[in-house]
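One structure is given here, and the rest of the page talks about it.
Read-outs: derived from the displayed coordinates by stated rules, not from any lab. Everything quoted here is computed from the prediction, not taken from an experiment.
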């Protein structure tokens, strides 16, 4: 079911082309284009308000784009091409597309009235029509994978922030998505809990699932990314390998941002 | 100075295990102020180098109060207040029991009389039917109000507006006299002569139907707002997470949003239901023989007005009490996950009270 380790990933190509998005009079995405290869790990960094999270949310159609388009494995997100027209997909079809894209939120957004296992096993049953028994078994497997098998019966409020976020990752994985989106997954965590979550994501980076991660953890970005994307004011300013972006940024805006967020001792 | 004291205190070996004699403890208790000045002056900037111990000085034992007896704080005014209130309660109870004009004998005689019980059943029936229908309709109205369609929103708003701004009494009389406004009610295709069936309004709208219709529609208008409030109280992130997981819309409402909204809905909803139990008494204007109308009929015959009103009142108290117990357990059910640990039920609390009480009695402190 899951993408096997080491085999070259064949699914999860994300192509973002000229995406624009405004909230009221403010244009938060000003024509963003980005390609993430199947199995690739793209880390988006940049100052707050630069449009990173909005870009992430357009990929699974939580935000409708005002211009441009996004496709996954060549299929448009939120629209269907018929003749020369783009037909908006109905809710049902959008939901089906979303099952291929897992998302992990900054505030976890676990369902507080459901146990960890119920949180993980809910969507496979109602969105993919799997049997309850199968979803349960797979849910326990996934909780085991994030190191929380023994907390399967706990309610989110009985878990620490780091544990909650790991349950949220297991929940996103339960649908066997091609792509996983992480929206600042460690920003709401106490410093000592950050690593337990990053370790889980590091593992996922090797699994062949495409990952797109918005984060402020620069050390983690350097370790895990194939591509680092620097965004500012609704545009992609620069992108490249971690080596290029962190040690030899070409754009003055990139340089000034990293000079503020990287410690002086930060070297590769 | 105070920081120096605390550091020194921490650096000392813990006195556990070695039972300090009272004399030692007393000396140590007298020491703190003195020790603070000593260490502060002696240590100076030297504290970090030797882990906080004063140079050359032997570690001093911290004041040990473990053998002291704890004397509870006294609350004399609490006792005075308790006595005054207890006296008041006693006086009320005494007058209720001894004043012959309450006519408890008459109350007892009618409390379980067949006609009263029949009236009670009618009251329960009205409450249950209009309560359930009212909340179902209210749920639909709340969803309409929250929908993206401007028409649905305004229809829902208008419904609540009309039914909340007219007196229930007027609504009931209007429904009961619908036959005056519309002689016949028919189902057909609008603007054509096609009729599937047609009935006399007066045969369709009985007293019972008018009562249920009036109470239901009125209840729906209020419960719509309660349910809408509950739904709005659920964090937007919950909907987003559910949408991102591809959970279908209806399932999102029933499985994710509603159970969380219930926590906000339940207290007010039970308020409404309890209000409805007593509110049903208003249908006496339709001469519908529910509990209140029944006792009125009886006391008009027997002239025992107050005792019979007491009969009705006591039954309302019984219903409300039973509902309150339901409320407690339903609210507890929906607080799963919202609190770290569920609060104890009264039964569990009582058990715990007796258990700990037995323990403290056994302990000779």
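Computed quantities for the displayed model
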{"quantity": "Percentage of interatomic Cα-Cα distances in the stretch B:243-318 larger than 20 Å", "calculated": "54"}
{"quantity": "Cα centroid of the stretch B:278-309 to Cα centroid of the stretch A:13-92, whole Å", "calculated": "68"}
{"quantity": "Value of relative contact order over the stretch B:103-255, rounded to a whole percent, pairs C-alpha under 8 Å and six or more apart", "calculated": "31"}
{"quantity": "Computed over the stretch A:7-85: relative contact order in percent, which uses C-alpha pairs under 8 Å that are six or more apart", "calculated": "36"}
{"quantity": "Global form of the stretch A:11-143, assessed from the alpha-carbon gyration tensor, a/c cut-off 1.5", "calculated": "prolate"}
{"quantity": "For chain A, built as a Gaussian network whose Cα springs stay under 10 Å, the top-fluctuating residue of A:61, A:216, A:113", "calculated": "A:113"}
{"quantity": "The stretch B:68-169: C-alpha gyration tensor shape, a/c 1.5 cut-off, then a/b vs b/c", "calculated": "oblate"}
{"quantity": "Among A:125, A:228, A:41: highest mean-square fluctuation, GNM of chain A, C-alpha pairs under 10 Å", "calculated": "A:125"}
{"quantity": "Rel. contact order, % - alpha carbon contacts under 8 angstrom, at least six apart, the stretch B:267-365", "calculated": "23"}
{"quantity": "Computed Rg/Rh of the protein assembly as shown, alpha carbon atoms with Kirkwood Rh", "calculated": "1.11"}
{"quantity": "Gyration tensor (alpha-carbon) shape descriptor, chain A, a/c threshold 1.5", "calculated": "oblate"}
